Amino acid sequence: MRLFRAKDKPAGDGVGMTLAQALTGQALVVSAIRDDRRVQHRLAELGMRPGVRIKVVSHDMGGPFIIAIGDSRLALGRETAESIVVCPA
Amino acid sequence: MSGVSEMTQKTDDGSPRRRVVVALIGNPNSGKTSLFNAITGGRGHVGNWPGVTVERKVGPARRGDVRLEVVDLPGTYSLTTFSPEEIVARNFLMFERPDVVINVVDCSNLERNLYLTTQLLTLGVPLVLAFNMSDVAETSGVRIDDATLSALLGAPIVHTVGSRGRGIEELLDAAVAVAGDIPAALARQHSVDFGVELEPHVRELTAAIAQRDAQRDAGVSPACRESILPSPDGGVDLTSSTGKAHGTHNAGGTPPSRCDATCGQCKHAANLPITADPCRRHHRWLATKLLEDDADAGELLARLGVGEVDALRTEAAKARTHVERTMGRPAEMLLADRRYGFIHGACSQTVVRPDAGATVSDRIDRIVTHRWLGVPIFAAVMFVVFQMTFMLGGPLAQKLDAGKGWLAGQVRPAVGDSGAWELFRSLLADGIIEGVGAVVAFVPLIFLLYMGIAILEDSGYMARAAYVLDRTMSRVGLHGKSFIPMLIGFGCTVPGVLATRIIESRRDRLTTMLVLPLMSCGARLPVYVLLLGALFPNRTLVQLGPVPVGLQATMLFGLYGLGIVLAVACSLVLRATVFRGPATPLVMELPPYRRPAATGVVIHMWERGWEYLKKAGTVILGIVVILWAAKTWPGLPPEQLAAFEERRAAVHRSTGVPCDAGILPACPEGVSPSAGGEADVTYSINQAHGTHNAGGTPASRLAAIDAQQHRAQLEHSAVGRLGRAMEPVMAPAGMDWKVATAMLGAFAAKEVFVSQMGVVYAVGDGERTTLRQKLAADYTPLQGLAMLLMVLIASPCVATLVVTARESGSWKWAAAQWLYLTALAWLLAVGVYQVGRWIV
């Protein structure tokens, strides 16, 4: 079950970890965004771009994520979260 | 509105004739609209989700001897071409050339908000920065060194609190000052330097565009052309030569990069209208657009009169390839990086903010957006809104309805009158007062519901609702954003359909459009209220502390809920069949929670409520008159009229003889206390004395004959015939020709159901009883339930169909929408009625 695997294996140990695997409260640095150009550009305009420090405010298993970027709070769908490669801050 | 900016002229004789066009631009949730309201003193609309302010709004303001025309542009994060809002805002700035642009910046979220500012600086428009919500920022400990930041950006900064009207005068003073000398303002402003990798490309493209700009040859000197390029210190200088000499405005720039009328080389510049202002040609900004491969770049260039667009594109493509090869990332990402870098650099020098951990909003969000609690909280919030609407609005609506009844009674013709005057009075009483009055009676409910929605929007909860529902929506193949048009659809389906523009994917958009009518719009509320009030007892189901939970409110809530459930089911089916494909991702900002400002909520409520009233006053009036005509003609044949006259004469002859049901079969129905009377106790107080007296007086017998005549007339008329024709289809759902007739009216606009019922029954009875009592006498709760289902689901109104056709680009989709919803409604209503009858 995905729910338990996510808990058993603490996120942030691998290099290729995506935002979707992160835990609530975790501070992260975006290293890459693997999405189509338009989405990438849109995310960048909202502040989500490589090199930026972010924090997971909350996330539902399988549901959307709330990410803190500076003072903004961004809601991201799971597919988008899966396309964002992060490493622990 | 006149969006075209007039030339800003400071007349030499000092006459107070200046008119300044001010554009307000800013991120969604930056408090832009509340600032607009504060500046213009109303006529605005505050929202907390993207897509509310799709239309730009205009309002007047005055500062000293200057008249301002303030244009509220839609909230945007950027000036690219991702959304219609961005395109609207960008086109206004580029082609309608406001005299000054006020960039509203939420200073509690400075860096993200300044991203748009960097684009405005590159675009080259005269800017004033309104650092809004500075109270919130101050409370959270943010300190901004205005002077330095203002110098770094090259634009004046004014602190404002839009919701409390603070800083407005200073803001307008700054705006008027900037508008008074646009070239100087543009000269002061600094653009982003895109760095060693990008800047040379940007400059090359800028020069290439300038070279092909036909307008340039209309009288711009080479020096002016130079000025489009950034000055050596990295800031771009955009100076122009409108009007006359503005004196010196050098701000330390190098002489060759300056252009004003004094240079003497721009020979025609003084005669150019501002729209051809040679130095506000946005060349540098267009160069960045070309580098970004913006879809609209070519079109914009062509619209500005720049030639050889294809050659420019080729050049830009070459630059893009070069950048991507050397830097490994697309140019638009690098440009965004440089803009953020510029902001970060500026802010690190000028802004101090405490390292806030979890904010209050975050803490609230942990509960409100909780995995399990989120949806129940959403349901509870919506329930409270409906309960409040019903509890406060119900009695008011009843009073208005009773007042309408009284008014109609005053003008209703006396028994037996005839002639043209009689016809006019009938139109007035049975058509206009009954029809429009019935709609107006529900205004308190509509206003209260809109108020509830406004509070939810302004507090920031609506965005959370979209977030919470994203899980459900993504299972249906839509994302939470699709819920925003649906939430708007609770107000009115038409703006809901328009709001589907925020959905990027066409499949998602069409799906959302097709299921939107299932969201119970404000116009359906009067119908629900009428049927619920008439056919269901107002019993208290549960007492929750001081709040009674009524049966009617619960059913109302259930109807709204059923609409949502059906919408979900229908989109699931649509996504699995007609619109199969991958779901689009959710990317949405969650604004911080805020206490809604009372004025904002009131303005918001008023604007939407007013729209409804206008509709009631115009469209509905027209429809009601048409329906009145349709039920008046064709008239009864003379021999039937004579028969009724004869019976009246008989009553007059036999004054005092008690009522005989055998002779006057309509008597008990028209006069006796209605069977459902106790269901409507509070409601019938006003009427009790007039109606429920002795059943056998001559007056009541005459009234009964009238009732029969009117009913006969209606059945004979065009509407009656059409309703009758529909009866075989409607009968399995427990509906008769009267309901069918009202449904015909509801096709024009949902709320017409109420007025049509009013007309149908006013015809059927000359007595001053309310519509609710009459309905209670004629229909059972089960029939009521079937009717409610029909009203909820069947046949979207004409306006919805027209907008759907326009927005989807094809009448095919509008037809599909009408057909599937009507079929679904009929099947459900028939199912409920037949099963219900079998059980009861």
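Every number in this text was worked out from the coordinates using simple rules, so none of it is lab data. Keep in mind that what you see is a predicted model, and the values were worked out from it rather than measured. Here the Cβ positions follow ideal geometry from the backbone for every residue, glycine too, while neighbour counts run over all protein chains shown.
General observations
- Counting beta carbons within 10 Å around each of B:Arg425, B:Arg580 and listing the fewest first gives the order B:Arg580, B:Arg425.
- Using the Cβ-Cβ distance between B:Val384 and B:Arg363 with R0 set to 30 Å, the FRET efficiency works out to roughly 0.90.
- Distance between the modelled labels on B:Ala725 and B:Val802, one decimal in nanometres: 2.4 nm (7 Å Cα→Cβ projection).
- Highest mean first, the peptides B:313-321, B:521-529, B:157-165 sorted by other C-beta atoms within 10 Å per residue fall in the order B:521-529, B:157-165, B:313-321.
- A crude spin-label estimate for the pair B:His652 and B:Leu407, with each label 7 Å from Cα along the Cβ direction, gives 3.3 nm.
- Note on region B:767-840: Kirkwood hydrodynamic radius from all Cα pairs is 14.2 Å, rounded to one decimal.
- When the convex hull of its Cα atoms is projected in every direction, mean area for region B:374-576 (nm²): 14.4
- With a cut-off of 16 Å on the backbone N, the residues of region B:114-152 near the modelled label site 7 Å out from B:Arg164 along Cα-Cβ are B:131-142.
- Sorted by Cβ neighbour density within 10 Å, fewest at the top, the residues B:Trp838, B:Trp633: B:Trp838, B:Trp633
- In this simple spin-label model, placing a label point 7 Å from the Cα along the Cα-to-Cβ direction at both B:Asp310 and A:Arg38 gives a separation of 2.6 nm.
- Ordered by the number of other Cβ atoms lying within 10 Å of each residue's own Cβ, fewest first, B:Cys570, B:Cys797 fall into the sequence B:Cys570, B:Cys797.
- Shielding by partners - mean other protein chain Cβ count within 10 Å, residues of B:330-336: 4
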